[in-house]
Amino acid sequence: MPLVGIIMGSDSDLPIMKEAADILEQFGVDYDITICSAHRLPEETARFASTAIERGMKVIIAGAGGAAHLPGVIAAYTVLPVVGVPIKTSSLSGVDSLYSIVQMPRGIPVATVAINGSANAALLAVEIMAVSDLQLRDRLVAYREKMAQGVRQKDTRLKEKGVAAYLSNKGD
C-alpha cells in the first residue's frame, strides 16, 4: 500500500519527480506515481486527492510547472500534508511555478520546496511520517549521518591535497 502519492501534471515533469521516487525507494517507502492534470483532468485530480486517505496515503508530493495549480487543487480535496514541487519552466525558469505554489490562501496550506526540489519533497514526506514511525526515523538519522560523513571526508581531502589539487582531482 503506497504511503506517499507522487503526482504531476505532465510527463515532462517526470525526470524531476523521479528524484522523489528515488529517495522514497532509498528509505523503503512505498509510493504511487501518477500523471494527472488539474486543468485537463479535473475530476480525476479531485478523485486522486479525495480518495488518498482511504488508499492509505500519508503525504502527497505534487509537482507542477507554469501556473502550478496542481498542488493547491490536491490540497483543496484532502487534509493530508501536500508538498508542492515547483517545476522549472522555459519562460520564467520556474519562478512562476514557485510563486503559484507558495501563495496558497489561508486555510489550505501547501508546503513548498525549491524549484525542481523533488528530492527534498520526498525527504520532507519521510520526516512527516517519521514522527510516528521510529524505524523510519532511525533511517533518517542514518541518512543524515552518512551525508555528514561525506562532508567530513571532503574536508579531509581538501586539507590533505590543498585547494588547487582538490579542484583538479575532485572526482578522486
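Taking the radius of gyration and the Kirkwood hydrodynamic radius from Cα positions alone, what is the Rg/Rh ratio for the chain, to two decimal places?
My calculation of the ratio gives 1.07.
Which whole-Hz couplings ³J(HN,Hα) result when phi for each residue of region 82-88 is put into the Karplus expression 6.51 cos²θ - 1.76 cosθ + 1.60, θ = phi - 60°, listed in order with x for Gly and Pro?
10, 10, x, 10, x, 9, 4
Rounded to the nearest 10 degrees, what's the angle between the helix 14-26 long axis and the longest principal axis of the chain, both from Cα atoms, 0 to 90?
Result, in degrees: 70.
List the residues, sorted by chain then number, that are 5 or more residues from I6 or on another chain and whose placed amide H is less than 5 Å from its amide H.
D32, I33, T34, I61
Under a 10 Å cutoff between Cα atoms, tell me which one of D138, D22, D32 has the largest fluctuation in the Gaussian network model of the chain.
Maximum fluctuation in the GNM of the chain, among the listed residues, is at D138.
Treating the angle as unsigned and between 0 and 90°, give the value, to the nearest 10°, between the Cα long axis of helix 118-130 and the longest Cα principal axis of the chain.
80
Rounded to the nearest 20 debye, what is the charge dipole size of the chain about its Cα centre when +1 sits on each Lys and Arg Cβ and -1 on each Asp and Glu Cβ?
For this selection, approximately 580 debye.
Return the calculated 222 nm mean residue ellipticity for the chain, to the nearest 500 deg cm²/dmol, obtained by summing -39500 (n - 2.57) across DSSP H runs with n ≥ 4 and dividing by the residue count.
-15000 deg cm²/dmol
The numbers here are math on the coordinates, done by the rules we state, and not lab data. Just so it is clear, the structure is predicted and the values come from calculations on it, not from any experiment. All Cβ positions, even for glycine, are placed from backbone atoms using ideal geometry, and neighbour counts span all protein chains on display.
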